[in-house]
Amino acid sequence: MIKTDILIIGAGIGALSIASELCKYNKKITIVTKGNVKSCNSSLAQGGISVALSDKDDYHWHYEDTMTAGCNLNDSDAVMKLVSKAPSVIKEFIDTGMEFDKDENGDLAFGREGAHRLNRIIHAGGDRTGLRVVEQLLRNVASPNVDIRQNEMALDLRVENGSCSGVITRSFKTGEITYYQANYTILATGGIGQLYPATSNDTTITGDGIAMAYRAGCELKNLEFIQFHPTMLTINGKAYGLVSEAVRGAGGILVNEKGEKIMEGIHPQKDLAPRDVVSREVYAHYLKGEKIFLDISAVDDFEAKFPTVTEICLEHGINLNDKLIPVAPGAHFHMGGVKASPEGITNIKGLFAVGETACTGVHGANRLASNSLLEGLVFGKLTADHILNNERTASEITDNDGKITVSSLPSKKEIQDQMMNFVGIVRHSNEMQKIINWFESYSPDKFSSKLNIESNSNDTYELYNMLTAGWLIAKAASKRKESIGAHYTV
Ligand code: SIN
């Protein structure tokens, strides 16, 4: 048994932002991550951070744009907290040494992304924002108070009588099982991107947080809302990484094989319409067997502005002199998740959720571009403040290991294909029960029981978590009858 004050599961921006606040105090912090410190969605984020810091902007406009993108299904108090605190949190972050890109006058450079009324996105290293932010936060958490344990998979939360006392993990390298006892346990495991065949997400992102939270009796919210990014670099039906929306913000235009602009007449904001609108349009062409490209002829200094996209394209044989990048949509961000307040509080005592794992309600039915790194930083800080001001000691609990040994599960690929067909960009309400039944055929007790740790490998846990999260998403989608935001049903 390892005892610690704060146990964080995951190492993305939400996780590191909490750790960077709390490590200034005499708290023992343990971060457990399934991959290595940089294998998280945060590191892959290209676009940037939206914040009303330009003198032409106002956080009330940021509030309005966030609500509109979320189809007003957002929690308006949480949105107001996010956008109003954003400028001071970002300024404090800059004071720790974070360098965002500057314009020719030495002021912050503001980029543009879909559904923002003006240029509001700050970025770093061109399109390397997520990575640069993670690197800065890792520098900020370099402290003897912080122990980062990599390649260790969280298997189940240790919960008794509605109160959390830590987590059980198993190392991928040594197979060692560790019981952690923590006064505060924080779920920061990212979203569910790998439940789909094409995704911008890291390979470790398989819905583990949602599945563990569900088994522990946690309330979940808005699971049906999954944002598909319209432009993943796609060659022969296989996705190879994100082509940032900032490329369209800088003048990129979606065209078909004949060079016709596909967003003309579809939405007044054309290529910068909300992501669900653009994704559906690209997907409709894709399903007809048409190829869609991002035409970058109007983007100046493409390689300098978008070094990551350039790298991905070159790696996969795309000649940027042709000015056409083949694209198709992929799963990008989960608006739903573990129901949590902006301070990360869940219905389980001592258990907190931040970042994409959490559903704080800020994103509503569709997230406004570049609001997610912001959410990790701002609500990570609020969670840390809450922990500092609310003393808690975990109770000693008796761990009852699960009895289930899983013998035959579908492959990752089968799960991904089922999710895309039934709970993808376009859903068919009359087919939803079919996929729910398919999921349930793998778990007669509807995923409520814990697995036996000794007799199930980490890989089995991962598949079982994918099935659990997929089943929960399908059930949520079957309950929402109307099309709204990212949930489009016919
Ligand atoms: C992008 O760069 O297009 C992604 C940014 C985001 O999802 O917020």
Failed condition for Phe333, given (1) of a type outside the set (Val, Ile, Thr); (2) within 16 Å of the ligand (Cβ to nearest atom); (3) without any contact (Cβ under 8 Å) to a residue 24 or more places away in the chain: (3)
Taking Pro326, is it away from the ligand (no atom under 16 Å from the Cβ), on the phi < 0 side of the Ramachandran plot, in contact with a Lys or Arg (Cβ under 7 Å, 6 or more places away or on another chain) and not small (Gly, Ala, Ser)? yes
Given Phe333, Phe352, Phe306, which one is farther than 30 Å from Ser76 by Cβ and aromatic (Phe, Trp, Tyr)? Phe306
Options Leu254, Leu272: the member that is modelled with pLDDT of 95 or more and under 29 Å from His363 (Cα atoms): Leu254
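Residues checked against (1) in a strand (DSSP E or B); (2) aromatic (Phe, Trp, Tyr); (3) farther than 25 Å from Ala304 by Cβ; (4) more than 16 Å from the ligand (Cβ to nearest atom):
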residue: Gly97; (1), (2), (3), (4): no, no, no, yes
residue: Glu135; (1), (2), (3), (4): no, no, no, yes
residue: Ser143; (1), (2), (3), (4): no, no, yes, yes
residue: Ser165; (1), (2), (3), (4): yes, no, yes, yes
Among Val299, Val282, Val278, the single one that is within 16 Å of the ligand (Cβ to nearest atom) and in a loop (DSSP other than H, G, I, E, B) is Val299
1 or more residues β-branched (Val, Ile, Thr), in contact (Cβ under 8 Å) with a residue 60 or more places away in the chain and under 18 Å from Thr203 (Cα atoms): qualifying helices (runs of 4 or more DSSP H) within segment 11-79: 13-22
Need the failing condition index for Tyr214 against (1) surrounded by fewer than 20 Cβ atoms within 10 Å (Cβ to Cβ); (2) more than 13 Å from the ligand (Cβ to nearest atom); (3) touching a residue at least 24 places away in the same chain (Cβ under 8 Å); (4) not polar (S, T, N, Q), just the number. (1)
Can you go through Ile348, Ile387 and tell me which one is more than 16 Å from the ligand (Cβ to nearest atom), in contact with a Cys (Cβ under 9 Å, 6 or more places away or on another chain), among the aliphatic types (A, V, I, L, M) and on the phi < 0 side of the Ramachandran plot? Ile348
Starting from residues that are assigned to a strand (DSSP E or B) and β-branched (Val, Ile, Thr), keep the ones in segment 308-339 and report whichever is surrounded by the fewest Cβ atoms within 10 Å (Cβ to Cβ). Ile325
Would you be able to say whether some residue in segment 18-32 is within 16 Å of the ligand (Cβ to nearest atom) and small (Gly, Ala, Ser)? no
Which one is surrounded by the fewest Cβ atoms within 10 Å (Cβ to Cβ), of the residues in segment 227-255 that are of a type in the set (A, V, I, L, M, F, W, C) and more than 13 Å from the ligand (Cβ to nearest atom)? Ile235
Qualifying residues in segment 173-209 (those that are hydrophobic (A, V, I, L, M, F, W, C), more than 21 Å from Ile29 (Cβ to Cβ) and touching a strand residue (DSSP E or B) at 6+ places or on another chain (Cβ under 6 Å)) - the one surrounded by the fewest Cβ atoms within 10 Å (Cβ to Cβ): Ile177
Among the residues of segment 217-226, how many are within 16 Å of the ligand (Cβ to nearest atom) and surrounded by fewer than 24 Cβ atoms within 10 Å (Cβ to Cβ)? 0
If a residue has to be outside any strand (DSSP E or B), of a type in the set (A, V, I, L, M, F, W, C) and within 15 Å of the ligand (Cβ to nearest atom) to count, how many in segment 110-133 make the cut? 4
State all residues of segment 392-444 that are among the small types (Gly, Ala, Ser), surrounded by 17 or more Cβ atoms within 10 Å (Cβ to Cβ) and out of contact with any Cys (no Cβ under 9 Å at 6 or more places or on another chain); if no residue qualifies, say none. Gly424, Ser443
Mind listing whichever residues of segment 161-180 are within 16 Å of Gly35 (Cβ to Cβ) and of a type in the set (Gly, Ala, Ser)? Ser171
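The values are calculated or read from the model by the stated rules, or taken from the named source; none is laboratory data. Source: prediction; values computed, not measured. Here the Cβ is made from the backbone with ideal geometry for all residues, glycine too, and neighbour counts use every protein chain on show.
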